[in-house]
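Student: The structure is given below, and queries will be raised subsequently.
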Amino acid sequence: MNPNSNKFLLAAALCCALAALAHLGCILFGADWYRFFGAGEQMAAMAEQGLWYPTIVTLGLVCILFIWAAYALSGAGAIKQLPLTKLALVIITSIFLLRGVSFVGLMPMFPDNSITFWLVSSVICLFIGGLFAVGTVQQWSKLRAKGVN
């Protein structure tokens, strides 16, 4: 790994990968994990019934989180530059921060989720979004100093 890698984006990548693994655990270990992580009784019950919906939704989140981890690594300079890395980092940062602050508006759409779920997941999203934000600003500053657009 490059010793000049952006530590904030590396931390964001690690957080995304850990979140992806936690979601993968829900798929692998079922209803008890959905309940533990506060996904709601409806998701847990569907997982117990063997329905595909929880698996598909959760697998989608797993894929997104792993892709976001890859973009964080790319932005950090730890792996090869991915297409549209700058744009992706801005979008990922925005999504995390927006999700972190908009939970009150989202709660009515997911009434099964516990208040603990909303508070904990929102703090986590704000934390990861902050890592992406600081790391992205640092990377752009480095590139600007080198004269790279």
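The values are calculated or read from the model by the stated rules, or taken from the named source; none is laboratory data. Being a predicted model, the structure only gives us computed values, none of them experimental. Every residue, glycine as well, gets a Cβ built from its backbone with ideal geometry; the counts of neighbours run over all protein chains shown.
Student: If I ask for residues that are of a type in the set (S, T, N, Q) and not in a loop (DSSP other than H, G, I, E, B), which ones from region 58-85 would you list?
Tutor: Within region 58-85, Thr58, Ser74, Thr85 qualify.
Student: Do we find a residue being touching a Cys at 6+ places or on another chain (Cβ under 7 Å) and either assigned to a helix (DSSP H, G or I) or not aliphatic (A, V, I, L, M) (or both) anywhere in region 38-57?
Tutor: no
Student: Is it fair to say Ser121 is of a type outside the set (Phe, Trp, Tyr), surrounded by 14 or more Cβ atoms within 10 Å (Cβ to Cβ) and either in a helix (DSSP H, G or I) or modelled with pLDDT of 95 or more (or both)?
Tutor: So Ser121 passes the test.
Student: Take region 88-118 and flag every residue that is hydroxyl-bearing (Ser, Thr, Tyr) and buried (at least 17 other Cβ atoms within 10 Å of the Cβ).
Tutor: Thr93
Student: If you don't mind, another one. Evaluate the following for Phe117: is it over 21 Å from Leu21 (Cα atoms) and of a type outside the set (Lys, Arg)?
Tutor: no
Student: Out of all the residues in region 1-54, which are in contact (Cβ under 8 Å) with a residue 24 or more places away in the chain, under 30 Å from Val137 (Cα atoms) and not hydrophobic (A, V, I, L, M, F, W, C)?
Tutor: Asn2, Asn4, Ser5, Asn6, Lys7, His23, listed by residue number.
Student: Name the pairs: first residue in region 97-110 and closer than 14 Å to Ile124 by Cβ, second residue of a type outside the set (A, V, I, L, M) and surrounded by 13 or more Cβ atoms within 10 Å (Cβ to Cβ), Cβ to Cβ under 7 Å, at least 6 apart or on different chains?
Tutor: Leu97/Gly129; Arg99/Cys125; Gly100/Ser122; Gly100/Cys125; Gly100/Gly129; Phe103/Trp118; Phe103/Ser122
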